[in-house]
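J.: Pasting a structure here, questions to come.
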Amino acid sequence: QVQLVESGGGLVQPGESLRLSCVGSGFTFGIAIMGWYRQAPGKERELVATITRSGGTTNYADSVKGRFTISRDNSKNTVYLQMNSLKPEDTAVYYCKRFGSNDSWGQGTQVTVSS
């Protein structure tokens, strides 16, 4: 079955960086549009970034443009989210998503930005 496993979250100070990874299995990763979402306490889950199959097209939420970069390595069935210049408002659980007729989600990884 489809599995998405995120990793790379943690506790960092404002201004620092993290790189999240999401490994997919149980589907043809190279033809899947992938994305990252996040959900902060008491808030709805929101889209952070998406990337097309080849990685040629990416889209970002306005709140992360210029700071976050989504990328993928289809040979490793992995999508990444490089997060730079982190802010306290970036604190959330970050989820990986495979877009499809039946969307699939990972279990999430916690990112906490605090001094």
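J.: Full-extension gain between Arg53 and Thr28, please, as 0.36 nm times their residue separation minus the C-alpha to C-alpha distance.
T.: The span from Arg53 to Thr28 would gain 8.0 nm if fully extended.
J.: Then there's this: Whole number in Å², please: accessible area per residue of the chain, 1.4 Å probe, ligands, DNA and RNA not counted.
T.: For the chain, the per-residue accessible area is 52 Å².
J.: Right, here's the next one. Report the label-to-label distance for Asn102 and Glu89 in nanometres (one decimal), using points 7 Å from each Cα along the Cα→Cβ vector.
T.: About 3.8 nm separates the two model spin labels.
J.: Only Cα pairs within less than 10 Å get springs; with that Gaussian network setup on the chain, which residue of Thr28, Thr91, Thr52 has the largest fluctuation?
T.: Maximum fluctuation in the GNM of the chain, among the listed residues, is at Thr28.
J.: Moving on to the next point. Taking θ as phi - 60°, what are the ³J(HN,Hα) couplings along segment 44-54 by the Karplus curve (6.51, -1.76, 1.60), each to the nearest whole Hz, with x for Gly and Pro?
T.: Along segment 44-54, the couplings run 6, 5, 10, 6, 9, 7, 9, 8, 6, 4, 8 Hz.
J.: Ala61 versus Gln82, label points 7 Å from Cα toward the beta carbon: distance in nm?
T.: 2.1 nm
J.: Can I ask one more? Projected area of the chain, taken from the Cα convex hull and averaged over every viewing direction, in nm²?
T.: If I average the Cα hull's projected area over directions, I get 6.8 nm².
J.: Carbon and sulfur: what percent of the chain's accessible surface (1.4 Å probe)?
T.: 45 percent
J.: Give the lysines reachable from Lys65 as a straight Cα distance under 25 Å; neighbours fewer than 8 places away on the same chain don't count.
T.: Lys65 reaches Lys43, Lys87, Lys97.
The values are calculated or read from the model by the stated rules, or taken from the named source; none is laboratory data. Since the model is a prediction, treat every value here as computed from it, not as a measurement. Because the Cβ atoms are built from the backbone with ideal geometry, glycine has one as well, and the counts that use them run over all protein chains shown. What goes into the accessible areas is simple: the full protein's heavy atoms, side chains included, and nothing from ligands, DNA or RNA. Shrake-Rupley method; radii C 1.70, N 1.55, O 1.52, S 1.80 Å.
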